[in-house]
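In what follows, a structure is listed as structure tokens, so that the remarks can point back to it.
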Amino acid sequence: MEVCGFSIIRNAEKFGYPVQESIKSILPLCDHFIVAVGNSDDSTKDIIKSIGSSKIEIIDTTWDDSLRQGGKVLSVETNKAFDTIPKEYDWCFYIQADEAMHEKYIDVVRQEMKKYQDNPEIEGLLFKYLHFYGSFNYYADSRKWYRREIRVVRNDKSIRSFGDAQGFRKNNNKLKVKLIDAYIYHYGWVRPLSIMRSKMKHFHKFWHSDEWIQKKNLNSNLFDYSNVDSIKLFEGTHPLVMKQFIEKTNSNITLDTNKKNFDFTNRVLYSIEKKFGWRPFEYKNYDIIK
């Protein structure tokens, strides 16, 4: 069984991405790893090179900044990296630059890839998610945050990164996947407030026109971590590769875990999920095979 990891990144230093940690977290599972480094205004490429692994291959890409609807440029760039993976690899492990996998899941994922390697019905592996928010001590737990997503896919180039690169589809159909007992830790919402505000201003350009941004007053410093609808205290451990990043990141924000900022409908839906473990009307970009 041969595995190739892949990821995309642009302006990692400028926007505080833990991209080194992200890659390192799954590198033990990968025989090769392709990183598509977009045209950046900082030392992103040097950051990737400094990992110092012979497994890593960097490809240079140029992002099309005219793609300003639905985050499409992110899936375009993801497909560039995916299409570079040679045909000899069986599985392809996608990791975004603000995600990491805990080392306790390495053996689990390896076993699941081996288990389904010769079962063509299974087109991908579905991971559970923890979305950290504000600091490394909290994670968001409302229904606005996706609970699961595909991160391992077959090396089948009819599979395409979909939408804003959150997941994948094949010939525009949902992938048939197995849900595995492993989590991806998402750190996209843990930044010092100044970097977070800068990142949000920049990333609105991947979804909206300048006119829309101006109308919504999104060029101002309006981002506030306390506006989250629901969070919980994280009582576990972070991946070891994240240790130095956590120590150097100024994220000592204190938030109220008792605060629930819901309208009536979402409060009812939240209560149902917490009581029964079922999320009504959940968006699922995949078909789970039992």
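Tabulated data for the structure shown
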item: Inter-residue pairs, beta-carbon under 7 Å, first without any contact (Cβ under 8 Å) to a residue 24 or more places away in the chain and of a type in the set (D, E, K, R) and in the stretch 94-115, second outside any strand (DSSP E or B) and surrounded by fewer than 19 Cβ atoms within 10 Å (Cβ to Cβ), 6+ apart; result: none
item: Test: residue in the stretch 64-83 that is modelled with pLDDT of 95 or more, in contact with a strand residue (DSSP E or B) (Cβ under 7 Å, 6 or more places away or on another chain), of a type outside the set (K, R) and more than 28 Å from K205 (Cβ to Cβ); result: no
item: Boolean, F262 is in contact (Cβ under 8 Å) with a residue 24 or more places away in the chain, in a loop (DSSP other than H, G, I, E, B), in contact with a helix residue (DSSP H, G or I) (Cβ under 9 Å, 6 or more places away or on another chain) and more than 30 Å from K178 (Cβ to Cβ); result: yes
item: Qualifying positions in the stretch 1-51 - buried (at least 16 other Cβ atoms within 10 Å of the Cβ), in contact with a helix residue (DSSP H, G or I) (Cβ under 9 Å, 6 or more places away or on another chain), of a type in the set (G, A, S) and not in a helix (DSSP H, G or I); result: G5, S7, A12, G16, A36, G38
item: Within the stretch 57-154, strands (runs of 3 or more DSSP E) holding 2 or more residues that are within 25 Å of L193 (Cα to Cα); result: 99-101, 124-133, 135-140
item: Residue tally, condition within 28 Å of I47 (Cα to Cα) and surrounded by fewer than 19 Cβ atoms within 10 Å (Cβ to Cβ), over the stretch 91-127; result: 5
item: Qualifying positions in the stretch 267-290 - farther than 27 Å from R191 by Cα and assigned to a helix (DSSP H, G or I); result: R267, V268, L269, S271, I272, E273, K274, K275, F276
item: Condition met for E247 (out of contact with any Pro (no Cβ under 9 Å at 6 or more places or on another chain) and in a loop (DSSP other than H, G, I, E, B)); result: no
item: Criterion violated by D141 - all others in (1) in contact (Cβ under 8 Å) with a residue 24 or more places away in the chain; (2) in contact with a Lys or Arg (Cβ under 9 Å, 6 or more places away or on another chain); (3) farther than 28 Å from T265 by Cα satisfied; result: (3)
item: Tally of residues being exposed (fewer than 12 other Cβ atoms within 10 Å of the Cβ) and either in contact (Cβ under 8 Å) with a residue 24 or more places away in the chain or closer than 24 Å to P28 by Cβ (or both) across the stretch 227-242; result: 4
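For every residue, the table says whether it meets (1) at pLDDT below 85; (2) not aromatic (F, W, Y).
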{"position": "R197", "(1), (2)": "yes, yes"}
{"position": "K205", "(1), (2)": "yes, yes"}
{"position": "F223", "(1), (2)": "yes, no"}
{"position": "T257", "(1), (2)": "no, yes"}
{"position": "K274", "(1), (2)": "no, yes"}
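The values are calculated or read from the model by the stated rules, or taken from the named source; none is laboratory data. It should be emphasised that the depicted structure is a prediction, and the values quoted were computed from it without experimental measurement. Glycine also receives a Cβ, built like all others from the backbone with ideal geometry; neighbour counts cover every protein chain displayed.
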